[in-house]
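The values are calculated or read from the model by the stated rules, or taken from the named source; none is laboratory data. Treat the numbers as computed from the prediction; the structure is a model and nothing was measured. Cβ atoms come from the backbone with ideal geometry, glycine included; neighbour counts cover every protein chain shown. For accessibility, only protein heavy atoms count, side chains too; no ligands or nucleic acids. Shrake-Rupley method; radii C 1.70, N 1.55, O 1.52, S 1.80 Å.
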Amino acid sequence: MKDTSHHDERIAKMSFASVYPHYLSKAEKKGRTKEELHQVITWLTGFDEPALTSLIEEKASFETFFNKAQLNPKAEKIKGVICGYRVEEIQNPITRQVRYLDKLVDELARGKAMEKILRE
């Protein structure tokens, strides 16, 4: 298991709004839509469109973002490697949740079927 403590705090303090455009760009470059991206984010966090917009506008940190989220119980089924780390082995809950989101966006951009991304 790799230690992520050296960047846990940096990730927690990073604003979701600063990363969101990269998620959107990555999805759209691969032919996916903003609506599909929002569907994935909503599935993971429980945020509806107004809540998501509000968190982006207030430049909420990932820590605030995930502390306000109602994480989907199926999120624990998200497995694999993202940014060199196996998501299911990351100890810090905020870092693990951010990597869950990263993994879902990756799967969306790779063209994976929505049913599989949403672990249905």
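Each Lys or Arg adds one and each Asp or Glu subtracts one; over the other residues with Cβ under 12 Å from the Cβ of Thr64, this totals +1.
For the chain, what does the relative contact order come out to in percent, with C-alpha contacts under 8 Å and a separation of six or more? Numbers along the way, then the final one.
On the way: 132 pairs, mean separation 43.3, N = 120.
Relative contact order comes out at 36 percent.
Taking amide H as placed 1.01 Å from N in the peptide plane, Ile82 has its amide H under 5 Å from the amide H of Val87, each at least 5 places away in sequence or on another chain.
Between Met14 and Thr53, the modelled labels are 2.6 nm apart [label points 7 Å from Cα along Cα→Cβ]. Remark: the Cα gyration tensor places segment 13-75 in the oblate category, a/c being 1.5 or greater and a/b not exceeding b/c.
Given charges of +1 on the Cβ of Lys and Arg and -1 on the Cβ of Asp and Glu, with all other atoms neutral, how large is the dipole of segment 1-67 about its Cα centre, in debye to the nearest 20? It would help to have the intermediate numbers written out before the result.
On the way: 9 positive and 11 negative charges, 78 e Å.
Charge dipole, segment 1-67, about its Cα centre: 380 debye, nearest 20.
Here's how it looks for Ser61: its modeled amide H is under 5 Å from those of Phe16, which are all 5 or more places away or on a different chain. For Rg and Dmax of the Cα atoms in Å, computed directly from the structure shown, the correct entry in (i) 13.0, 43; (ii) 13.4, 38; (iii) 22.1, 71 is (ii). Taking all protein chains into account, the per residue accessible area for the chain stands at 54 Å² (1.4 Å probe).
By the scheme Lys and Arg +1, Asp and Glu -1, what is the net charge of all other residues having a beta-carbon under 12 Å from that of Arg32?
Numbers: positive: Lys26, Lys29, Lys30, Lys34, Arg110, Lys112; negative: Glu28, Glu35, Glu36, Asp106, Glu107.
Surrounding charge for Arg32 is +1.
With θ taken as phi - 60° and the Karplus curve 6.51 cos²θ - 1.76 cosθ + 1.60 applied, the whole-hertz 3J(HN,Hα) list for segment 82-87 is 9, 6, x, 10, 7, 4 Hz, x standing for glycine and proline.
Count Lys and Arg as plus one, Asp and Glu as minus one, and take only other residues whose Cβ is under 11 Å from that of Ser54; the net charge is then -2. For every helix of n ≥ 4 consecutive DSSP H residues, a contribution of -39,500 (n - 2.57) applies; sum these over the chain, divide by its total residues, and give [θ] at 222 nm rounded to the nearest 500 deg cm²/dmol. One gets -18000 deg cm²/dmol as the mean residue ellipticity at 222 nm.
Can you tell which of Phe62, Thr45, Ala75 lies farthest toward the positive end of the dipole of segment 38-85, using +1 and -1 charges on the Cβ of basic and acidic side chains (Lys, Arg; Asp, Glu)? Final value for the positive-end residue is Ala75. Listed by chain and number, the aspartates and glutamates placed with their C-alpha closer than 14 angstrom to that of Lys30 are Asp106, Glu107; residues fewer than eight positions away on the same chain are left out.
Just in segment 17-120: which trypsin sites (Lys or Arg not before Pro) are loop by DSSP and have at most 16 other Cβ atoms within 10 Å? Mind showing how you got there, number by number?
Values: sites: Lys26, Lys29, Lys30, Arg32, Lys34, Lys59, Lys68, Lys74, Lys77, Lys79, Arg86, Arg96, Arg99, Lys103, Arg110, Lys112, Lys116, Arg119; in loops: Lys30, Arg32, Lys59, Lys79, Arg110, Lys112, Arg119.
Taking segment 17-120 and a limit of 16 other Cβ atoms within 10 Å, the loop trypsin sites (Lys or Arg not before Pro) found are Lys30, Lys59, Lys79, Arg110, Lys112, Arg119.
Label sites at Glu28 and His7, each approximated as a point 7 angstrom past Cα along Cα to Cβ, lie 2.5 nm apart.
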